[in-house]
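Below: one structure, written as structure tokens.
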Amino acid sequence: MKKNTASKGIFSFIKDCLLWNLSGPISYQIYLCILVCLMMAGIYGYVVQFKLGLSATNMSNIVSWGFYISNFTFLVGVAAAAVMLILPSYIFKDKDLYKVAIIGEGVAVGALVMCMTFVFVDLGRPLQFWHLTPVIGQLNFPSSLLSWDIIVLNGYLALNALVPAYILYCHYKGKEPVGKFYKPFIVLSIGWAVAIHMVTAFLYQGLPARPFWNNPLMGPRFLASAFAAGPAIISLVLHVVNSTTDFKIENKIFNKLRIIIVSAAVINLLMLFSEIFKEFYFPTHHSQSATYLFFGLQGHDSLVPWIWTAISINFIGTMILAFNPFRERQIILFPALILLIVGIWIEKGIGLIVPGLIPSPMGEVTSYAPSNVELLITLGILGLGMFVVTMLLKPALIIEKEYEDSHKH
Amino acid sequence: MKNPKFKESLFYIIPFYVLSFCALSGLLILFSASAAFSSDMTMTLKVKKAIAKLDKTTQVEAIIPLPKDIVKATMDYQGGRFFTEERKSKITRFKCTSCHNNKDISINNAGKISHDDIKIVHGDKEGPLSCNTCHYENDRDFLVTSKGSKIDMDHVYDMCGQCHFRQKKDWIGGAHGKRITYWAGERVVKNCTSCHNPHSPLFKKRWPKTYSLPLK
Amino acid sequence: MDSDKKKKMNRRTFLKGAASTAIAASAAVTVGCEGKGLLGSSEAFALEFQEYFKKYYRVMTPVERQETVTRLEKLARIKQDITVNIDTTNPGKNVLYGYAFNVTRCEGYMECIQACVKENNLDRKSNTQYIQIFEMEPGQMTPDQGDSKFFHMVPQDGHFYMGVQCFHCENPPCVRACPTKATWKEDDGIVVVDYDWCIGCRYCMAACPYMGRRFNWNQPEVPKDEITKNQHYLGNRKRVKGMMEKCTFCIQRTRKGKLTACAEACPTGARVFGNLLDPDSEIRFVLENKKVYRLKEDLGTEPKFWYFID
């Protein structure tokens, strides 16, 4: 069964990866079918949006950014969170987390692909994206934070895709990857991960027109919530991997992740408290956005139940994970992880973007809820992200398992 | 796995990366700060310093035509001479002296042509102005000031400006009234009576021409 | 046994792959055909193809600018059956446009909005308006405390009126925000948008503190007989869905020496427009003799739109 290592090359690597991706038990095939169906639904939604223009969404001149950018914001955090696996593995030489670092990078790539797709579908004229390239178009660097965001996101995608690809290719050939080729890039990606999320936060933080966003705590708050939600998602993925493949993951890995998640989640709650204090201790006209979010403004209160639910489940999830009532059975912490992820998704997604834009700079208040087209496209992009993660992780786990087995002998 | 050389190189890589990131962000901040502060000084200073008179004909390339129905104002504004809309051709019953003379007139059309349709809503609470406050009794083609000087109907601003002297000063300077069509070229402005009915000068209440969505 | 299972898997996966490819291909073909159908004639398609690849306006040579204007005028004739005249007049020398708004004189008539919509070929379907008129109560200063959605006889007793639009800041946050430099400040102070260069990310809209910018959420519709045919490339020419647009101080009029449509339409003379660098202009008279203020001055955007009271 095993090929002669000398005859393995890049083409057989690609061919084997494709075959591994397409083969599996019936449950796996059904899972892939569901993902393809989601993506098809997304494509249909996008065709409708492309024909009608962005009026197919519920965005308006007041709420000019909506569901797409909310999800983009959340997912950049998830992508940045891969650093929470890389940092212990490579700098602190943690052997357990080193084993699952590659899964973290796979999730990061999936999240990044979703981010870029969300930006793409949010553009009014996506076919003109080439206007952004530096030589043939115009890139407003360094003035525009969006230009910074494009550069750092693409760079991070390259780092997180190419480095694991190199490592996997070496493992596939049965060789040890050469340290000096990839380790500097790993170190670079640690700082770069922090950079992508700070830059995304600066996108909002740098706008004096939006007082809800224009505070210095946005950047650190983004990092805290990212390092809570991201490793939580990676934890969930690890649970799935543990139960569906023969790549076994020990409890202590989940415990280490849990500690990272809880530390970040507690810092996130502390920062949330600081923001709430600033907005509500002495409310000014600048606090109207926060009032809209938490209590409703002029009869518009569609986000109020969402934010209170989000904060409650965020708090409950953090408490459960912190006190860890079921020490050895990590699977029971599943719901707590989901609560935390959903809480942060609401609070950092729709609970950040929409209130920042309401009321408008001229005081108008309106409501926003995603339209059916937006929901369809979002589902499609979710399917795409899960598809990318599956496509990356399935061969990666097989290669890693074979490499581990062959090196045990 | 442990590469001693890598550990050494970390000492160079990490500080280099941190320094370059700090340098880039520092540049960004300095750039933005300089941009913000420089333009703050630029516009206000630039406008204050622009005291040199500009040639009225070179500010735009297009040729600005002078309308036909205008008269030169009796005074200058800060930029020299200016023009205003003439009035007499727009008054339907001008010349007034075709009726208001010492000759006999027939009373057939008196009802139609008398000024019974004019209601005077001009003056203070005690009572409106009378016709003879503004119209010259001895020569109905002209207006008269309180001091008794004749004012041509085209130069009604000298009349109105007696009481409305603040508006007149603003009108000469440009804070009251409106230019006609062009901001460049010779200055041609609307006359008092171009916008205000002299017998009822206040603007009336009306419905807005349009509305903004969403309506309440 | 192992290889048999593997063969079954491979066949199944091949069929699944083929099916999904077929679906994707048919979707692409449908979209492509429909797209072609929308374009009408092949001459229009050829012109639009060339327009897609054209350069950024600021790096175009005058010849290239003339070429794109010719293409756009031809497209207007083919697709809309109208003759338009798009010019590319450059800013005048020693010109910096300024605007003053007399809060005492505005009566809420909204004639400025009507004139602006007509002059700038704004979308009638979504009721796009560059100008907003606010009905304010005594004691209020900023328009965010006012009501811009009124529709009753004006002026209402006990209220005053003021209008806002793009203030053409000297330090515009929207220009800094744009990732493709599709919006910039011209030498005569007008902040313009190169519509075809805009990718529609709407970051400028988030950055503007005055609600000065509008986005085309749908394909704009202007009745054919109401289209203003004297257009400027950076002004009131035909825009399509997905582009940003904004008040351009009627660039197609002001660069020819005319007043903006709003200033000309105002029946009470509440709007004063002119050249800030001309010491004899009305706008300079207002700035030097009246008590003027600007909105959100603490943000440092340096708007060139002042308010004053008589």
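Some notes on this structure:
- Rounded to 10°, Cα long-axis angle of helix C:62-75 versus longest principal axis of chain C: 70 degrees
- Between region A:1-75 and region C:250-296, the alpha-carbon center distance in angstrom: 54 Å
- Peptide A:41-48 has a mean of 1 when you count, residue by residue, the C-beta atoms of other protein chains within 10 Å of its C-beta.
- Modelled FRET efficiency - R0 25 Å, residue B:162 with residue B:204, Cβ distances, 0.05 increments: 0.55
- Region C:42-83 shape via C-alpha gyration tensor axes, a/c threshold 1.5: oblate
- Debye, to nearest 20: dipole size of the protein assembly as shown, +1 on Lys, Arg Cβ, -1 on Asp, Glu Cβ: 1960 debye
- Centroid-to-centroid separation of region B:56-70 and region C:177-232 [C-alpha atoms, Å]: 30 Å
- Site pair residue B:17 and residue A:316 shows an inter-label distance of 4.0 nm when each label is modelled 7 Å from Cα along Cα→Cβ.
- Spatial separation of Cα centroids for region B:163-195 and region A:202-253, in angstrom: 63 Å
- P(r) weight above 35 Å for chain A, C-alpha pairs, percent: 29 percent
- Region A:1-147 - percent relative contact order, Cα under 8 Å, separation 6 or more: 17 percent
- Backbone N under 12 Å from the residue B:31 label point (7 Å along Cα→Cβ), restricted to region A:135-170: A:139-149
- For the residues C:120, C:275, C:94, a GNM of chain C with alpha-carbon springs under 10 Å puts the largest fluctuation on C:94.
- Pairwise label distance in nanometres, residue A:158 with residue A:369, each label 7 Å out on the Cα-Cβ vector: 4.4 nm
- Ranking of A:271, B:153 by neighbouring Cβ atoms within 10 Å, starting from the fewest: A:271, B:153.
- Averaged over the residues of peptide A:124-134, the number of Cβ atoms from other protein chains lying within 10 Å of each residue's Cβ is 6.
- Dipole magnitude of chain A, debye to nearest 20 (Cβ charges: Lys/Arg +1, Asp/Glu -1, about Cα centre): 1100 debye
- On the basis of the beta-carbon distance and an R0 of 35 Å, residue B:72 and residue C:141 show a calculated FRET efficiency of 0.30.
- Fluctuation leader among A:240, A:135, A:365 - chain A, Gaussian network, Cα springs under 10 angstrom: A:135
- Gaussian network model of chain A, springs between alpha carbon atoms under 10 Å - residue of A:348, A:248, A:51 with greatest fluctuation: A:51
- Overall Cα dimensions of region B:166-216 - principal axes, largest extent first, Å: 43, 31, 17
- Estimated from helices alone, the mean residue ellipticity of the protein assembly as shown at 222 nm is -16000 deg cm²/dmol (sum of -39500 (n - 2.57) over DSSP H runs with n ≥ 4, per residue).
- Cβ-based exposure ranking for B:77, A:156, A:204, in which fewest neighbours within 10 Å come first: B:77, A:204, A:156
- Candidates A:304, B:207, B:192 compared by Cα position along the dipole of the protein assembly as shown: farthest toward the positive end lies A:304, with charges placed on Cβ.
- Proxy reagent accessibility, fewest Cβ within 10 Å first, across C:141, C:243, A:59, A:116: C:141, A:116, C:243, A:59
- Pairs of alpha carbons in the protein assembly as shown whose separation is greater than 49 Å (percent): 36 percent
- Among C:232, A:342, A:36 - extreme Cα towards positive end, dipole of the protein assembly as shown, charges at beta-carbon: A:36
- Dipole size of region C:42-83 about its Cα centre, with +1 on Lys/Arg Cβ and -1 on Asp/Glu Cβ: approximately 180 debye, rounded to the nearest 20.
- For region A:283-409: span of alpha carbons on each principal axis (Å, largest first): 70, 38, 23
- Karplus (6.51, -1.76, 1.60) ³J(HN,Hα), θ = phi - 60°, over region A:48-59, in Hz, Gly and Pro reported as x: 4, 5, 5, 6, 7, x, 6, 5, 5, 8, 9, 6
Bear in mind that the values in this text are calculations on the coordinates, not laboratory data. Predicted, not measured: the structure shown is a model, and the values here were computed from it. Glycine gets a Cβ as well: all are built from the backbone with ideal geometry, and neighbour counts include every protein chain shown.
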